[in-house]
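Single-structure report; data block below.
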Amino acid sequence: MVWRVATASMSTPDKKRIEPEDHSIAETTAAELAPLYRQMLAIRRMEEASAKAYSQGKIGGFLHLIIGQEAVCVGAIAALEEKDYVVATYREHGHAYAKGVSARAILAELYGKKTGSVKGLGGSMHIFDKSKNFLGGYGIVGGHVPIAAGAAFASKYRGDGAATLCFFGEGASTIGGFAEGLALAALWKLPVVLICENNQYSMGTPLYRSLAVEDVSMRALAHGMARDRFDGDDVIKVKRRIGEAVERARTTGEPTLVEVVTYRFRGHSMSDPGLYRTKDEVEEWKRRDPLNRSRAKLTELGMSEQELAALEDDVRAEIEDAVKFAEESPAADEYFPYVVKE
């Protein structure tokens, strides 16, 4: 079988986007798409609430938002079973939510509260929930890829049939940890899907200044590993294509390197105004907003405005409740509660 690869060229500063292979929406049903749209919308509203709380001084430290990229984590994780594992970067609020971590637990963690997913001690970049097999967000760029290989090795050793998804940005593909994780996954034939969320900027550095070969998926060729590359504007397409890689991992125990081309609408973090991008570039990508595309598709599939409004009201109520829960929860007592006191 030949794995599908959408080729693209982006070698000069004058061409700052990767063209998707097509602009069509994958065939689906309202029953399949509606819950995925709801997840994406909940993540968008949760991120917006986080940004507001950060600007009010209620959230401290670093805060990296996933606004614009929601279809990647939602579609990919929709292809999983409960027993499967997810390892993510520091931009992981949406991944945690898609894996089943509640908005309450996520926002409480961002607020530094006891009721957070790691009792307020991890903050935005280190959400973790063992009960959901969400193995964490990691602040060390690329350093989590070998961790994902380790989780996949454990699954292979136990024979539990679980797959591991590992998300990372294109900037991590130049880091030693990524190379090591990729090499081990291929050598030991581990059931892991390595997903490059290519949002085209490593912090503020565009692709043409950071990658000599901008097709990250080609790095699979050095290891005889299956690969795929496609645009991430359509959540159903993401689910289908990642589903192929997950099935390969589950049935053959072999890894896949997947590059999903996406875009973040805001800067790298809350401290980054994103002035290195033109307004035209941002607006062009906003016209391909995965939420708007999914909503339009649901209308086409026969979902009424009343039904969509009810869904959106339900999301609004969920996030408002989560914010209230976070604000009213008790603060984490101390940073090192495991230290024995005299």
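Note on the range 30-328: with charges restricted to the Cβ of Lys and Arg (+1) and Asp and Glu (-1), its dipole about the Cα centre is near 620 debye. Largest GNM mean-square fluctuation across Ala96, Ala322, Ala212, computed for the chain with C-alpha springs under 10 Å, falls on Ala212.
Taking the chain as a Gaussian network of alpha-carbon nodes connected by springs under 10 Å, the highest mean-square fluctuation of the residues Ala49, Ala78, Ala172 belongs to Ala49. Sorting the segments 124-130, 62-68, 203-209, 144-150 by their mean number of nearby beta carbons within 10 angstrom, highest to lowest, gives 144-150, 62-68, 124-130, 203-209. Annotation: lysines with alpha-carbon distance below 16 angstrom to Lys297 (same-chain offsets under eight excluded): Lys237, Lys239. The 3J(HN,Hα) values that the Karplus relation (6.51, -1.76, 1.60; θ = phi - 60°) gives for the range 306-322 are, in residue order, 5, 5, 5, 5, 5, 4, 5, 5, 5, 5, 4, 5, 4, 6, 4, 5, 5 Hz. Gly and Pro appear as x. When only Cα pairs below 8 angstrom with a gap of at least 6 residues are kept, the chain shows a relative contact order of 25 percent. Taking amide H as placed 1.01 Å from N in the peptide plane, Leu165 has its amide H under 5 Å from the amide H of Tyr85, Val86, Val87, Val193, each at least 5 places away in sequence or on another chain. Modelled spin-label separation between Asp313 and Tyr208, with each label point placed 7 Å from Cα along the Cα-to-Cβ direction: 4.9 nm. Each of Leu187, Leu33 was scored by other Cβ atoms within 10 Å of its Cβ. Arranged with the fewest first, they read Leu187, Leu33. Considering only Leu110, Val315, Tyr97, and ranking their Cα positions along the charge dipole of the range 30-328 that arises from unit charges at the beta-carbon of Lys, Arg, Asp and Glu, the one farthest toward the positive end is Leu110. Here, the range 192-260 has an Rg and a Dmax of 12.9, 39 Å when only alpha carbons are counted. Between the beta carbons of Leu221 and Asp333, assuming R0 = 35 Å, the FRET efficiency works out to 0.10 to the nearest 0.05.
Here the relative contact order of the range 160-262, from alpha carbon pairs under 8 Å that lie six or more residues apart, stands at 39 percent. Ranking of Arg229, Arg288 by neighbouring Cβ atoms within 10 Å, starting from the fewest: Arg288, Arg229.
Label separation (Arg158 vs Asp280): 5.3 nm, computed from points 7 Å beyond Cα along the C-beta direction. Shape class of the range 114-273 from the alpha-carbon gyration tensor: oblate, with a/c at 1.5 or above and b/c at least as large as a/b.
Between the residues Gly122, Ser50, Ala148, the greatest Cα displacement towards the positive end of the dipole of the range 21-160, with unit charges on the Cβ of Lys, Arg, Asp and Glu, is found for Gly122. Each label was represented as a point 7 Å from its Cα along the Cα-to-Cβ direction; for Ala31 and Lys189 these points are 3.7 nm apart. When Arg316, Arg240 are sorted by how many other C-beta atoms sit within 10 angstrom of their C-beta, beginning with the fewest, the order is Arg316, Arg240.
The numbers here are math on the coordinates, done by the rules we state, and not lab data. Keep in mind that what you see is a predicted model, and the values were worked out from it rather than measured. No Cβ is skipped: glycine too gets one built from the backbone with ideal geometry, and neighbour counts run over all protein chains shown.
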